[in-house]
Amino acid sequence: MTAPSGSGAAGPSRGGAAGDSPVDDYLDRLLVAAPGPPRQVRALLAEAEAHLRDATDDGVGRGLERSEAERQAVARFGTVRIVADAEARRQELPFGTLVRQIITSALLLGGIAGVAVGASGVVVAAMELVGSKTFIVNISSHTYLARSDCARWLAGYPGVHSCYQAALNDWASDTIMFRLFAGVLGVMALAAYLLLRRRRRFGDLPASVVDTIAVTVYGLAGLWSLGLGVDLLIQQENGAGGRLAVAPFALALALYYGLRLMADVRRAPVGTAV
């Protein structure tokens, strides 16, 4: 059964046959070039289409053919690149907002790193208990020890009669205490992060940016610590445990944020930046 002329499920477009409309062609190219999340892209396209359709109708009212009216409307509206660049500038974050996002994200990643170092301090303390102090600090009987330092170390450990043993005790204690102190600072940084995030003016950097930074920093730190620890083990030198203790925490964080980054990329619309 033949549909009556001018009716049917798919009538002719306002610009004629598919692909012949300058307005539709312009909107298609703008859709590809427009920056920002989908909701903002839809809003830009709706605004552009409304303007172009109104200008086209005005041209038709002045006696122009619709295709010519569309061509003139598009020419007056501006090129796709000009409109897309203007929209990108409109979506740019104010500098103050960017600084606040950097601060909060730095507190988050720095706080997590501090807690990881603090946790490694607990591991180092356990290594000292089940192993020896020389496993966690790189010192040996051949290490040069200045006399002034020896006097200070011996004064701190009056029951020890060897400068080497006093230095070993002092360095092992410092290795553990500094890491635990870093853990306390990490907790304080995370608390500050949570307080700032409760304020509307403070937010995080985009998730993909935070995840990329985290994977890079934690991954490099973990591989560096692991490499140094393994090297000391191979050379049978002291201090391997102190290097190895932080590696599992850093690499675990790198893995976690790496998986998050992969999820960020997979969720991003095709052809857009995450």
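The values are calculated or read from the model by the stated rules, or taken from the named source; none is laboratory data. As the structure is a computational prediction, the values presented were derived from the model and not from experiment. When we count neighbours, we look across all protein chains shown, and the Cβ atoms used for this are built from the backbone with ideal geometry, even at glycine.
Every condition in (1) at pLDDT below 90; (2) of a type outside the set (Gly, Ala, Ser); (3) in contact with a helix residue (DSSP H, G or I) (Cβ under 7 Å, 6 or more places away or on another chain); (4) assigned to a helix (DSSP H, G or I) holds for Val137 except the one numbered (4).
Quick check: is even one residue across region 137-149 touching a residue at least 40 places away in the same chain (Cβ under 8 Å), polar (S, T, N, Q) and buried (at least 18 other Cβ atoms within 10 Å of the Cβ)? So far as region 137-149 goes, no, none of its residues is touching a residue at least 40 places away in the same chain (Cβ under 8 Å), polar (S, T, N, Q) and buried (at least 18 other Cβ atoms within 10 Å of the Cβ).
In this structure, Gly239 qualifies as more than 19 Å from Gly110 (Cβ to Cβ), touching a Leu at 6+ places or on another chain (Cβ under 6 Å), small (Gly, Ala, Ser) and in the same structural domain as Ile112 (by TED's automatic domain parsing).
Answer yes if at least one residue in region 96-104 is hydroxyl-bearing (Ser, Thr, Tyr) and touching a Gly at 6+ places or on another chain (Cβ under 9 Å), and no otherwise. For region 96-104, residues hydroxyl-bearing (Ser, Thr, Tyr) and touching a Gly at 6+ places or on another chain (Cβ under 9 Å): present. If the condition is being buried (at least 17 other Cβ atoms within 10 Å of the Cβ), free of Cβ contacts under 8 Å to residues at least 60 places away in the same chain and either of a type in the set (S, T, N, Q) or out of contact with any Asp or Glu (no Cβ under 9 Å at 6 or more places or on another chain) (or both), then region 183-215 contributes Thr212, Val215.
The residue list Glu92, Glu68 contains one member that is free of Cβ contacts under 8 Å to residues at least 12 places away in the same chain and loosely packed, with under 13 Cβ neighbours inside 10 Å, which is Glu92. Taking the criterion of being within 24 Å of Gly183 (Cα to Cα), surrounded by fewer than 20 Cβ atoms within 10 Å (Cβ to Cβ) and in contact with a helix residue (DSSP H, G or I) (Cβ under 6 Å, 6 or more places away or on another chain), the residues of region 216-238 that qualify are Gly219, Leu226, Leu228, Gly229. Only a single criterion out of (1) surrounded by fewer than 18 Cβ atoms within 10 Å (Cβ to Cβ); (2) touching a residue at least 24 places away in the same chain (Cβ under 8 Å); (3) more than 22 Å from Gln101 (Cβ to Cβ) is not satisfied by Arg179, namely (1).
Given the structure, is Arg62 at pLDDT 85 or above and out of contact with any Pro (no Cβ under 6 Å at 6 or more places or on another chain)?
yes
Of all residues in region 47-58, none are farther than 30 Å from Ser225 by Cα, under 19 Å from the mean Cα position of the chain (by Cα), part of a helix (DSSP H, G or I) and in contact (Cβ under 8 Å) with a residue 40 or more places away in the chain. For region 218-239, the tally of residues that are in contact with an Asp or Glu (Cβ under 9 Å, 6 or more places away or on another chain) and in a helix (DSSP H, G or I) stands at 1. Of the residues making up region 121-170, just one is within 25 Å of Val184 (Cα to Cα) and among the basic types (Lys, Arg), namely Lys133.
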